[in-house]
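Quick notes on the structure that follows.
The values are calculated or read from the model by the stated rules, or taken from the named source; none is laboratory data. Model, not experiment: these values are computed from the prediction. Using ideal geometry, Cβ is built from the backbone for each residue, glycine included, and neighbour counts are taken over all protein chains shown.
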Amino acid sequence: MRAGLHYVYTGNIHNIEGDTTFCPGCKTPLIVRDWYQIKDYRLTDTGHCPQCQTKVAGRFQHFELNQQFGPRRIPVAMHMEA
């Protein structure tokens with residue numbers, strides 16, 4: 001946290017608690033993962049918590065829970081803003 005990493009999750013292992021993304025405002029579980037499987041997805045299409053409307057940092061889009069995500073790479077362009 002002191003290094004500025006606020007939304008890190010374990011990934012690549014079976015660890016539901018460590019793989020889950022929680023709302024920074026109300027601590028509601030928003031994205032529940034188990035390894036590569038997304039078990040629950042509660043973010044709005046704009047990246048807000050449906051409980052308290054807190055905006056979660058990240059890149060989000062519409063996601064259907066019944067989609068098969070699986071172990072695959074997805075390229076994401078990243079840049080720093082001043």
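I want to confirm something. Restricting to the range 7-26 and keeping residues that are of a type in the set (Val, Ile, Thr) and outside any loop (DSSP other than H, G, I, E, B), which single residue is nearest to Gln37 (Cα to Cα)?
Filtering the range 7-26 for residues of a type in the set (Val, Ile, Thr) gives 8, 10, 13, 16, 20-21.
Next, from what is left, pick out any that are outside any loop (DSSP other than H, G, I, E, B): 16, 21.
Details: Ile16: 10, Thr21: 13 Å.
Within the range 7-26, the match that is nearest to Gln37 (Cα to Cα) is Ile16.
Could you check the range 6-27 and list, in sequence order, the residues that are more than 12 Å from the chain's Cα centre (by Cα) and modelled with pLDDT of 90 or more?
Those that are more than 12 Å from the chain's Cα centre (by Cα) and modelled with pLDDT of 90 or more: Gly25, Cys26, Lys27.
One residue is enough: does the range 31-52 have a residue meeting the conditions in a loop (DSSP other than H, G, I, E, B), of a type in the set (Val, Ile, Thr) and modelled with pLDDT under 80?
No, because not a single residue in the range 31-52 is in a loop (DSSP other than H, G, I, E, B), of a type in the set (Val, Ile, Thr) and modelled with pLDDT under 80.
Specify the residue that is nearest to Asn12 (Cα to Cα); the eligible residues are those in the range 27-49 that are out of contact with any strand residue (DSSP E or B) (no Cβ under 7 Å at 6 or more places or on another chain) and either exposed (fewer than 12 other Cβ atoms within 10 Å of the Cβ) or charged (D, E, K, R) (or both).
Asp34
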